[in-house]
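Asks: Below you'll find the structure I mean.
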Amino acid sequence: MIPARFEYHRPADVASAIALLSEHGDEARVLAGGHSLIPMMKLRMAAVSHLVDLQDIADLSGIRIEGGRVTIGAMTTQHDLIVHDGLAQAAPILREAALQIADPQVRYMGTVGGNVANGDPGNDMPGLMQCLDATLHLVGPDGSREVAARDYYEAAYMTARADDEILTAISFDVNTGGYAYEKQKRKIGDYATAACGALVTMEGGTCTAASIAMTNLADTPIWSEEAGAALVGTACDTAAIDAAVAAATAAIDPTEDNRGPVAFKMHVAGIIIRRAILRAVSRA
Amino acid sequence: MTDQTPISREDRVEKLKGVGSQRKRVEDARFTQGKGNYVDDIKMPGMLFGDFVRSPYAHARVVSINTEAALKVPGVLAVLTAADLAPLGLHWMPTLAGDKQMVLADGKVLYQGQEVAFVVATDRYAAADGIEAVEVEYSELPVVVDPFKALLPDAPVLREDLEGKMVGAHGPRKHHNHIFTWEQGDKDATEAVLAGADVVAEEMVYYHRTHPCPLEPCGCVASMDKVNGKLTLYGTFQAPHAIRTVVSLISGIEEHNIRVISPDIGGGFGNKVGAYPGYVCSVVASIVTGKPVKWVEDRMDNLMTTAFARDYWMKGKIAATKEGKITGLWCHVTADHGGFDACADPTKFPAGFFNICTGSYDIPVAYLAVDGVYTNKAPGGVAYRCSFRVTEAAYFIERMVEILAIELGMDAAELRRINFIKADQFPYHSALGWEYDSGDYHTAWDKALAAVDYEGLRKEQAERVEAFKRGETRKLLGIGLTHFTEIVGAGPVKNCDILGLGMFDSCEIRIHPTGSAIARLGTISQGQGHATTFAQILASEIGLPADSITVEEGDTDTAPYGLGTYGSRSTPVAGAATAMAGRKIRAKAQMIAAYLLEVHDNDLEWDVDRFVVKGAPERFKTMKEIAFASYNQAIPGLEPGLEAVSYYDPPNMTYPFGAYICVMEIDVDTGVHEIRQFYALDDCGTRINPMIIEGQVHGGLTEALAIAMGQEIAYDEMGNCKTGTLMDFFVPTAWETPHYTTDHTTTPSPHHPIGAKGVGESPNVGGVPAFSNAVHDAFRAFGLRQSHMPHDHWRIWKIANGLGLHG
Ligand SMILES: Cc1cc2nc3c(=O)[nH]c(=O)nc-3n(C[C@H](O)[C@H](O)[C@H](O)COP(=O)(O)OP(=O)(O)OC[C@H]3O[C@@H](n4cnc5c(N)ncnc54)[C@H](O)[C@@H]3O)c2cc1C
């Protein structure tokens, strides 16, 4: 469990970090909280000759809530999400989800940016960001650009981010509707067997907006437009929820692992999705 | 000398903190402050670090090993292979089970993770780079992970070194992958009973492969002093003296030139009983380089290569009358030992004490056969927090009784009650050859059932089933019952030895002039709190406060010879030695007191911490006064000083027992369980420190929870270990751990000097069937008989799915 030799860099601003990434190409990787990357290096499954630690770049941390928009710096830790007062009002689903990530030790170190940027299908934040329709802010040698979370993930560990780009922040609209993040896992510290985020807005007994996204049920997070559509315009009665669950489960493609075979995961996913929707509706 | 002892007898008893006191653990001050001294904390000048190149394949021929590139890695000093060890005869080593094991791959590998080469470097970073640079060419061979397939006629030959050898350490071998057959009991009589029985319940019960997974993995530091010829070996050894003897036997270094030291050990649970290639390679590397060499496993090494536990396929048949009186028990075990038979069992017991499998029941006739089998899995088969194979036995009988209850349509608590050995039947001779020392099962059982309101629970369960059938709930309620009987404290030298070393244990006591003492034992604590409890035993025996007694273990240069700590043997054996040595001290103290008080020995009586002249309570000498006198008085006919040593050979094992009840809610849709209540009644005989007992019970139950509900070492068809990290190998956190209610009855052991039986392992032994039975019981109303552990989410889901509960 000892990584191969590497050079350690600790730039003080984003420009220097990007310069290092450009210089070293695919030999370089940024280091955030290290709780995904360092285990991979220790197992020698990732060989990184140049580690570019982002922790000295102050601009990359912090949570801002302004004009109905939430912006979270990439280096904000998962723990910060849990203890931030304003965020619990502006997007309570984030806190609920963050509390279900790993354990406190991991959350003190693990960052939102690392969790979102990584492209690990087990990570909870990507599905959540798709659920919230978040925008990812990337900066590279050619300047900055924005990518929708719903367009960012291509396959396991394959994303729209270029090797020399850094994720600086994530932003999304304040969301105060009904919410729920349901996750089944084997124990504290485990990735999801099945997880689902649900956001439901109801006005006068009718659903006006709904967004459903799932974690660890395919090689990318899955946002199901059809599942949300099945709820919008209904009273979220049993028939509508059945339709939403059917649409969501049709979109997933889990694989067998130590958590269980595909049939089990498909079944549990259906249950978890239903529970997420029901709880979100009950809070809407 | 003026004596400050408070007058009241109660005060004097309390001040001793002897047997029965809730004395706080003296070890915890250093552990809770991070000041423990574990093997990886040991640093010596010039120390090198060794680590292994391990096989990625489960079964392959090693075609070639090229170390050239590795030797060029900065910091790498040497790379040892079997070819280097062969001239010393050290490329293979004996196992504790009478087999032999490769130290480094000799032509082939038999399991994934097997040690192939040992890289010695200036630090562990360089060693890791060196490992990557060693080029090994393998040619893959067909893999066998299923012990039943391993015994097919055309199964690949795993142990080519044994080809043609049709007799092994434990008798005839039936097949090239067969290790031994071990038979107990009366086959013909048992089969006759089965043939004529009203009811026979038959089932295959699998106790899956798991791993003790101590917090601290295995490791050592070997230091060969070439000037004086002395080898010092620090290591995570549960049996330091036995390790010294083994090292001497296989290295040829004389035993007085070997000093083995077990420093603080971060949990053992059986994982640290055996001898591992890392120890041999470190010793050889230290001899070769003249420098101290450290080897410490990482978590994956530990889970994948050093001593697993269980992996028993237990086929059972249990016969009974219509009324539920058990008339006979038949069992056949297929035991998967992996690539080498490296079980840590007493020599004459290749399946340990599995013949305790008649459990708490008065079963007139029984038969048992165990077949040991080689497969392409890691070796081991150690007693994971249990006496040798006792956990497997307890699980087997506690499942068979539940299955018999189903067959008879009876309540499982009632079935147990009518079959328990009765209090007046002790000492009880079991059909499979043991003499149970003492017990009162009915009292314990009734107390347990009353404590949980058993009747009420059954009513609630029946209502739940109805509500489930009406579609009002998706949760079922399981009531997991267990009454276990252990056999611990190995053991009488006449039938228990390891490598020919009798399984006695020892204690040596020195009383200092000012009335404090040091006691040294042949055992070694791995978290059990020996320094606390052995001082308590002694305090009660010799009347000096436990706080004034140092307990020291683990250094073979200073401690008396003993067989170490595992199989709950410390209290039954070394604890007995401590009491007996204490009594020798007291006997001499009595003579000194008699001299000082100018009376005859027989005129004195012992009173807590002093000898008092019978009928003259004002005339006494305290132990503290006597201790001083032993150093400053010339007493005719007595040697100066106050010391004693005892080597204790127990006349019998001890038989702790207990009644555990687990109440579990099960979500049939997700397979998620929730433990609503867990009640654990333990009877470990005399209770030395109730707080330590409670801690042991909590810890053992949590391991049992892990094993029953998710923990396993699993392999795929290619022999790849799928559970090599703590992400997949389940170790519960505080979150998954339920609240436990502990309780007790006290039935002392009649043959142990203070009546104590040992408790450290009971909760693992009794806990696993309690959790597993709860899962099974939840589905009993829907027709479930047997479903193998671990009961993780998907396997519970699979039960529900198979019973048609998903619609
Ligand atoms: C025991 C354990 C349990 C866990 N359980 C969960 C869980 O249940 N759910 C869950 O979601 N996660 C879980 N995690 C993962 C944890 O949340 C990680 O911390 C997180 O996924 C990655 O964040 P990090 O800051 O540690 O990133 P790092 O490990 O530092 O980086 C991860 C990857 O992202 C890249 N990266 C990081 N930051 C940026 C950036 N700003 N721009 C571009 N690329 C970047 C890195 O180069 C690297 O490739 C667990 C981790 C552990 C160790």
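Asks: Based on the Cβ-Cβ distance from A:Ala250 to B:Lys149, what FRET efficiency comes out when R0 is 41 Å, to the nearest 0.05?
Replies: 0.55
Asks: I need to check one value: relative contact order of the range A:178-283, counting alpha carbon pairs closer than 8 Å and at least 6 residues apart, in percent.
Replies: 31
Asks: Same structure again: Pick out, from B:Val205, B:Tyr631, A:Cys196, the residue whose Cα sits farthest towards the positive end of the charge dipole of the protein assembly as shown, with +1 on the Cβ of Lys and Arg and -1 on the Cβ of Asp and Glu.
Replies: Most positive-ward Cα: B:Tyr631.
Asks: Could you tell me the distance between the Cα centroids of the range B:163-227 and the range A:232-268, to the nearest Å?
Replies: Using only Cα atoms, the two centres lie 45 Å from each other.
Asks: Just going by the charge dipole of the range A:7-53, with Lys and Arg at +1 and Asp and Glu at -1 on Cβ, which of A:Ser36, A:Tyr8, A:Ser49 is farthest out on the positive end?
Replies: Going by the Cα projections, it comes out as A:Ser36.
Asks: Given an 8 Å cut-off on Cα distances and at least 6 residues of separation, report the relative contact order of chain B as a percent.
Replies: Taking the mean separation of contacting Cα pairs over the length of chain B, I get 16 percent.
Asks: A follow-up question, please. Mind giving me the nanometre distance, one decimal, between the label points for A:Ala46 and B:Ala69, set 7 Å out from Cα along Cα→Cβ?
Replies: The modelled label-to-label distance comes out at 2.4 nm.
Asks: Can you give me the pair-distance distribution of the protein assembly as shown, C-alpha pairs, 20 Å bins, whole percents?
Replies: It works out to 12, 36, 36, 15, 2, 0, in whole percents.
Asks: With each pseudo-label sitting 7 Å past Cα toward Cβ, what's the B:Asp557-A:Arg283 distance in nm, one decimal?
Replies: Label-label distance for B:Asp557 and A:Arg283, simple model: 6.4 nm.
Asks: Next question, about the same structure. Between the chain alone and the structure with every protein chain in place, find the residues of the range B:772-797 that drop at least 30 Å² of accessible area; heavy atoms, 1.4 Å probe.
Replies: Correct list: B:His793, B:Trp794, B:Trp797.
Asks: Turning to a different aspect of this structure: Would you pull out the residues with amide H under 5 Å of A:Ala209's amide H, same chain only if 5 or more places away, H placed 1.01 Å from N?
Replies: Excluding prolines and chain starts, which carry no amide H, the hits are A:Thr201.
Asks: At a Förster radius of 41 Å, what calculated FRET efficiency corresponds to the Cβ-Cβ distance of B:His788 and B:Lys459, to the nearest 0.05?
Replies: According to the calculation, E is roughly 0.85.
Asks: Step through the residues of the range B:221-227 one at a time and calculate ³J(HN,Hα) from phi using the Karplus curve (6.51 cos²θ - 1.76 cosθ + 1.60, θ = phi - 60°), rounding each to whole Hz and writing x for Gly and Pro.
Replies: Rounded to whole hertz, the list is 10, 9, 9, 9, 8, 6, 6.
Asks: Based on the Cβ-Cβ distance from B:Leu215 to A:Glu203, what FRET efficiency comes out when R0 is 41 Å, to the nearest 0.05?
Replies: Working from the Cβ atoms, E equals 0.15.
Asks: Just tell me which lysines come within less than 24 Å, Cα to Cα, of B:Lys469; anything on the same chain fewer than 8 places away is out.
Replies: B:Lys459, B:Lys798
Asks: I would also like to ask the following. Taking 20 Å as the cut-off for C-alpha to C-alpha distance, list the pairs among A:Lys187/A:Lys265; B:Lys187/B:Lys317; B:Lys315/B:Lys422; A:Lys183/B:Lys722 that go past it.
Replies: Beyond 20 Å: B:Lys315/B:Lys422; A:Lys183/B:Lys722.
Asks: Roughly speaking, to the nearest percent, how much of the range A:58-173's 1.4 Å accessible area is carbon and sulfur?
Replies: 47
Asks: Could you tell me which of rounded, prolate or oblate describes the range B:292-430, using a ≥ b ≥ c as the square roots of the eigenvalues of the alpha-carbon gyration tensor, with rounded for a/c under 1.5 and, failing that, prolate when a/b is larger than b/c and oblate otherwise?
Replies: prolate
Asks: As a test, work out the antiparallel percent of DSSP beta bridges whose residues both lie in the protein assembly as shown, rounded to the nearest 5.
Replies: Percent antiparallel among DSSP bridges in the protein assembly as shown is about 80.
Asks: Mind listing the phi-derived Karplus ³J(HN,Hα) values for the range B:695-711, rounded to whole Hz, using 6.51, -1.76 and 1.60 with θ = phi - 60°, and x for any glycine or proline?
Replies: Coupling constants for the range B:695-711: x, 4, 5, 4, x, x, 5, 5, 5, 4, 4, 4, 4, 5, 9, x, 6 Hz.
Asks: To the nearest Å, what is the center-to-center distance of the range A:1-64 and the range B:657-680, using C-alpha atoms only?
Replies: 45
Asks: Provide the three semi-axes, in whole Å and in decreasing order, of the ellipsoid equivalent to the range A:7-53 as defined by the square roots of 5 times the Cα gyration tensor eigenvalues.
Replies: 19, 12, 7
Asks: Tell me, what % of the accessible area of the range B:106-159 is carbon and sulfur with a 1.4 angstrom probe?
Replies: Carbon with sulfur: 53 percent of the solvent-accessible area.
Asks: Let me ask something else about it. What list of ³J(HN,Hα) couplings, whole Hz, do you get for the range B:109-114 from phi and the Karplus terms 6.51, -1.76, 1.60, once you set θ to phi - 60° and write x for glycine and proline?
Replies: So the J values, rounded to whole Hz, are 10, 10, 7, 5, x, 4.
Asks: Might you tell me the accessible area per residue for the protein assembly as shown, computed with a 1.4 Å probe and given in Å²?
Replies: So the protein assembly as shown comes to 36 Å² accessible per residue, rounded to a whole number.
Asks: Could you tell me which trypsin sites (Lys or Arg not before Pro) in the range A:163-221 are loop residues by DSSP with no more than 15 other beta carbons within 10 angstrom of their beta carbon?
Replies: In loop regions of the range A:163-221 (DSSP not H, G, I, E or B), there are no sparsely surrounded trypsin sites (Lys or Arg not before Pro).
Asks: Setting aside same-chain residues fewer than 8 positions from B:Lys322, which aspartates and glutamates have a Cα under 14 Å from its Cα?
Replies: Here the aspartates and glutamates satisfying the reach criterion relative to B:Lys322 are B:Asp198, B:Glu407, B:Asp411, B:Glu414.
Asks: Amide H neighbours of B:Tyr57 under 5 Å, counting only residues 5+ apart in sequence or on other chains, H built in-plane at 1.01 Å?
Replies: Result for B:Tyr57 returns B:Gly113.
Asks: To the nearest 100 Å², how much accessible surface do chains A and B hide from each other in total, with a 1.4 Å probe?
Replies: That pair of chains buries around 2200 Å² in total.
Asks: Pull up the cross-link candidates among the aspartates and glutamates for B:Lys43, meaning alpha carbon to alpha carbon under 14 Å and not fewer than 8 places away within one chain.
Replies: List returned: B:Asp123.
Asks: Using the crude model of +1 on Lys and Arg Cβ and -1 on Asp and Glu Cβ, and no other charge, please compute the dipole size for the protein assembly as shown relative to its Cα centre, in debye to 20.
Replies: About 1680 debye.
Asks: Ignoring ligands, DNA and RNA, what percent of the 1.4 Å accessible area of the range A:7-53 is carbon and sulfur?
Replies: 53
Asks: Ok, one more. Which of rounded, prolate or oblate describes chain B when judged by the alpha-carbon gyration tensor and an a/c cut-off of 1.5?
Replies: oblate
Asks: State which entries of B:Lys17/B:Lys588; B:Lys72/B:Lys230; B:Lys584/B:Lys614 exceed 28 angstrom in Cα-Cα distance in the structure shown.
Replies: The pairs that break the limit, which is 28 Å between Cα atoms, are B:Lys72/B:Lys230.
Asks: Given the -39500 (n - 2.57) contribution per DSSP H run of 4+ residues, what per-residue ellipticity at 222 nm results for chain B, rounded to the nearest 500 deg cm²/dmol?
Replies: Mean residue ellipticity at 222 nm (helix-derived): -8500 deg cm²/dmol.
Asks: Pull out a ≥ b ≥ c, the square roots of the eigenvalues of the alpha-carbon gyration tensor of the range B:690-807, then state rounded if a/c is under 1.5, prolate if not and a/b is larger than b/c, and oblate in the remaining case.
Replies: Since a/c reaches 1.5 and a/b is larger than b/c, the shape of the range B:690-807 is classed as prolate.
Asks: Also: Sequence-distant or interchain residues sharing an amide H contact under 5 Å with B:Arg259, placed H: which?
Replies: B:Leu231, B:Thr232, B:Leu233
Asks: In the range B:632-659, whose amide N lies under 20 Å from the spot 7 Å out along Cα-to-Cβ of B:Asp601? List them in ranges.
Replies: Correct set: B:632-647.
Asks: Here's something else I'd like to know. Compute accessible area for the range B:732-751 by itself and then with all protein chains, 1.4 Å probe, and report residues whose area falls by 20 Å² or more.
Replies: B:Thr733, B:Trp735, B:Glu736
The values are calculated or read from the model by the stated rules, or taken from the named source; none is laboratory data. This is a predicted model, so every value here is computed, not measured. Glycine also receives a Cβ, built like all others from the backbone with ideal geometry; neighbour counts cover every protein chain displayed. Surface accessibility is based on the protein's heavy atoms, side chains included, excluding ligands, DNA and RNA. Shrake-Rupley method; radii C 1.70, N 1.55, O 1.52, S 1.80 Å.
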